[in-house]
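What follows draws every value from the coordinates through simple rules; no lab data is involved. These figures come from a predicted structure and were not determined experimentally. Neighbour counts are summed over all protein chains in view; Cβ atoms, including those assigned to glycine, are modelled from backbone coordinates with ideal geometry.
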Amino acid sequence: MGNRAFYVIFLSFFGCVFVFTMADSKFGILDDGVHPLDQLVGTKVSVTGIVCAEPEARDASLKFCFESERGGKRILVTAARYPEYSYGDELILSGKLEFPEIIESEDGSPPFDYPRYLAKDGIRYLMSRPTVEDTGENKGNRLIVMLFALKSAFTGLMQDLFPEPESSLLAGILLGEKSGLSPELTDQFRNAGLVHILVLSGSNVTVVAEGLMKTFAFLPAALSRIFGAGSIILFALMTGASATTVRATIMALIVILAKSSARRYDVTRALVLAAFGMTLENPQILAFDASFQLSFLATLALIYVAPIVEEKLSWVTDRFKLREMLATTIGTQILTTPLILHMSGNLSIVSLPPNLLVLPLVPLSMLGGFVAVMVGFVSETLALPFAWGTSLVLSYIIKVTVFFGGLPFAAVEMRMSASALTISYTAIVWYLVIYWRRRNSLPQSPN
């Protein structure tokens, strides 16, 4: 796909985000009327329903999505840390029902539209510290209940095999679970520009997908693809099916489809198809899901920006794929940094060295951790050598993070306004269009 297609895709994406956000803020186009619980907001109510997603454990609280049996929109519940609840548990909540409010910023940046952010997940109400009565279990989708149970067993064995904080880091890299890391260590990952490895990113899913395909390689080609595709879907469901995971899963499935039909795999078309399918199913993620936006940009960077950067780095050795890795890191940061500055205002100025030192070891830690836990299901004793070796890798990642993230100048506050964001991406697109136009106009080498 040439420069014109890239120009159209890039501008169309941000144009849609801008128009969608402005139109919704002014006209409330996503406001679908009155819901059954609206008249009860502001009062103490008793609501029966089920936990509709995997709860998120915090230090002193437990957050979970709750779906009332009365139907309508969901409730985001903040309950006491214990007792714990699971997806599919039937509960009776007694507490004050509230609407989420727009969160005003203290540093002069645009307010955070919390209601719209929650609305993308079907959540309309809040309930804090309710009285909870547990009336039943396993009321949710049986398959998802089983997958979450498998995930719970997986993380439990992981905690037995690995010490802290290595265990929590592995849970973040392998399963997208970062709640176990201390706030201080999470801040150091953010300051070092490494917080992205704590999220189940597209690259992480790709590693898992390739591993699953190799696992079923002994089967006939058709069965290998069927089992591989099914396993990738189940893995995405088990890890919570975030926007980033779903995008990467769809793209991995398109790879399998392309191979099974003997057609050439076009990564740009796969990305556009994945993004189109996700926004068609839930248009609100286009404007209010930061992980979706950043994931889309990061993938575009790998396709269109990283090759340019790699050409400029011809003086860097290609041994151990150092040039490719450096180009990928710089290219991704070029395209995602403006949006990150607009949303969070946190800029890591030391991110390049820790990324170069850590990223090559992330697939190794994922593979080692996965093998250790799978062997651990058979025998924890046999799993110890794998766990010990992986712990060394994880410990190294943590030490690099703590060193760079703990530097006094590691990160600075630099929030980018909407106008500056528009100018930045206009300049980037202008440069890329000119570059690819000049490159495509050059005569092709006969070699």
Length gained, I303-D160, 0.36 nm per residue minus C-alpha separation, equals 47.5 nm
If the label point sits 7 Å along Cα→Cβ of F377, residues of the stretch 154-189 with amide N under 14 Å come out as 154-158
With 0.36 nm assigned to each residue of separation and the Cα-Cα distance removed, S152 to A420 gains 92.1 nm
Among K120/K399; K73/K151; K139/K399; K44/K139; K44/K151; K63/K321, the pairs whose Cα-Cα distance exceeds 32 Å are K120/K399; K139/K399; K44/K151; K63/K321
HN-Hα couplings for the stretch 327-341 via Karplus (6.51, -1.76, 1.60; θ = phi - 60°), in whole Hz with x for Gly/Pro, come out as 5, 5, 5, 5, x, 5, 5, 4, 8, 9, 4, x, 5, 4, 5
Candidate cut points under chymotrypsin sites (Phe, Trp or Tyr not before Pro) in the stretch 358-420, DSSP loop plus at most 15 other Cβ atoms within 10 Å of their own Cβ, are F409
Non-local residues with an amide H under 5 Å from the amide H of K139, with H modelled 1.01 Å from N and Pro and chain starts lacking one, are D89, E90
By the mean-Cβ-within-10 Å protection proxy, highest first, 75-84, 339-348 rank as 339-348, 75-84
